[in-house]
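Since the structure comes first, as C-alpha cells, the remarks are kept for the end.
Just so you know, all these numbers are worked out from the coordinates, no wet-lab data involved. Treat the numbers as computed from the prediction; the structure is a model and nothing was measured. A quick note on method: Cβ atoms are made from the backbone with ideal geometry, for glycine too, and the neighbour counts reach across all protein chains shown.
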Amino acid sequence: MGELPFPFPVVRWQGDRVVLIDQTLLPGRLEYRHCATIPELCAAIGELAVRGAPAIGVAAGYGLVLSWSLAMAETDDQQVMRARFEADRQALAGTRPTAVNLFWALDRMRSRAAALWEHGEEPEAVLAGLLAEANGILAEDIAMCRAMGRAGQELLSDGATVLTHCNAGGLATGGYGTAVGVIYAAREAGKRIAVFADETRPLLQGARLTAWELVNQGIQVTVLCEGAAASALRGGLVDAVITGADRIAANGDTANKIGTYPLAVLARRHQVPFYVAAPASTFDGATASGRDIPIEMRDPEEVRNWCGVASVPQGAAAWNPAFDVTPHELVTAFITEHGVVRPPFPAALMGG
C-alpha cells in the first residue's frame, strides 16, 4: 500500500471545519484543505479540490454542519440561525449544477434540520443531529460502494483489463469508489485486474487521480490519451469499460465527465461491454431523459492553459463543457448497490 489508508479519508469533519484532500495538487503533493467557512467550502467544490458526485454530496453534508456551527457562534436567535442555514444551503447548491448527489445530500440535511427544529431541540442538539446525519451519509456511501463493487466484480473475469474515464475511485466518493470500486472489489475477491486510465482532458483527472490511486493501491495501471482508446478497443486490449456517473435520468441516459459518450460509442462499435457504476443517489427519477440534465460549462481557460502554460494561441476560442450525456441504449448495464440493473429501473433506484 501507499500513502493513504483504505478507504481513503477524502472528506471529514474536524471539530469546527470541513477537511478534504486537495485534489488540485495531486499527484505531486498530498495535502489537505481546511474549510472553516461556507465560502471556502464553495470555492473548494468549484475549484475541484473536492470532486466526484458522491464526494461532493459528503462535503455538502458536512458543509451544513459547518453552517449551523458558525451560526451558533454568532447568534442566539434561532430564526437568524435558520435563515443562515438556508442561505448556506443555497450557496452550496449553486456550486455544481450537474451532479445530483449534491442536491440529494443538501435535501437530506435540510430534512434532518427541519425535524430537529420541529421538535424544539436546542442548538447544540441540532448540531449533534446534523453531524450524525452527515456522518451517516459518509458511512452509507462507503457501504454502498462496497456493495456496488461486490455486484460489479462478478462481471469481470480473473485477468481482465478495464478501461475507465475520469476518476470514479475513492477520491470521488466517501473513500472506496464506484467504477474503480468494482476493481477494488475484484481484487478483494482474488482476481488480477489491470486498468487503462484515460487521461481525461482538460484537467487530467484520470492521469492525475485515478492513476495515483491505483499506484497507491498496488494495481497495474496504464495511462492513455482519450484519442488512443479506440485503438486499444479495436486491438482487443480491453475487456470492459466502466465509468461512474454524475446523474442518471429515469430512462437511463447518463451524464458523466466529458469524453464518456465517445467511449460508449467506441465500446459498442467494438463489442466491448460498457458499464456505469453509480449509487441510488445518482439516479434522478424527476429527470425524464438526458435532454433535461443541465450541463455545467466551465472556464475556457482550463482548455487554453495547463499549469500556467498556454496550450492554445491567443485569439482561439475554447469550448469547455464539463460533462456529456451517454444515451441509455449504449449502456450494457448499471452497477448499483442493489445489483446489476437495466432500465426500467426498480423503484429502489427511483425513490420509490
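Comparing mean-square fluctuations of G170, G129, G152 from a GNM of the chain with C-alpha springs under 10 Å, the top value falls on G129. Apply the a/c threshold of 1.5 to the C-alpha gyration tensor of segment 153-349 and tell me whether it is rounded, prolate or oblate. Oblate is the answer for segment 153-349, as a/c is 1.5 or above yet b/c matches or exceeds a/b.
Taking every Cα-Cα distance in the chain and sorting them into 20 Å bins from zero, the calculated P(r) comes out as 32, 57, 11, 0 percent. Ranked by the mean number of other Cβ atoms within 10 Å of their residues, highest first, the peptides 254-266, 330-342 come out as 254-266, 330-342. Shape analysis of segment 1-159 based on the Cα gyration tensor places the equivalent ellipsoid semi-axes at 30, 18, 14 Å, largest first. Take the Cα of E296, step 7 Å toward its Cβ, do the same at A347, and the gap between the two points is 3.3 nm.
Taking the average, over residues, of other Cβ atoms within 10 Å as the packing measure, peptides 312-318, 290-296, 138-144 rank 138-144, 290-296, 312-318 from highest down.
Among bridges DSSP assigns within the chain, what percent are antiparallel (round to 5)? The antiparallel fraction comes to roughly 55 percent. Only DSSP H runs of four or more residues enter the estimate; each adds -39500 (n - 2.57), and after division by the residues of the chain the mean residue ellipticity at 222 nm equals -12000 deg cm²/dmol.
In this structure the amide hydrogen of G169, modeled in the peptide plane, comes within under 5 Å of the amide hydrogens of T178, V180, none closer than 5 places in sequence on its chain. Note on segment 153-349: antiparallel DSSP beta bridges, both residues inside, total approximately 40 percent of the bridges counted. Note on D158 and D107: with the Förster distance fixed at 41 Å, the Cβ-Cβ geometry gives a FRET efficiency of about 0.50.
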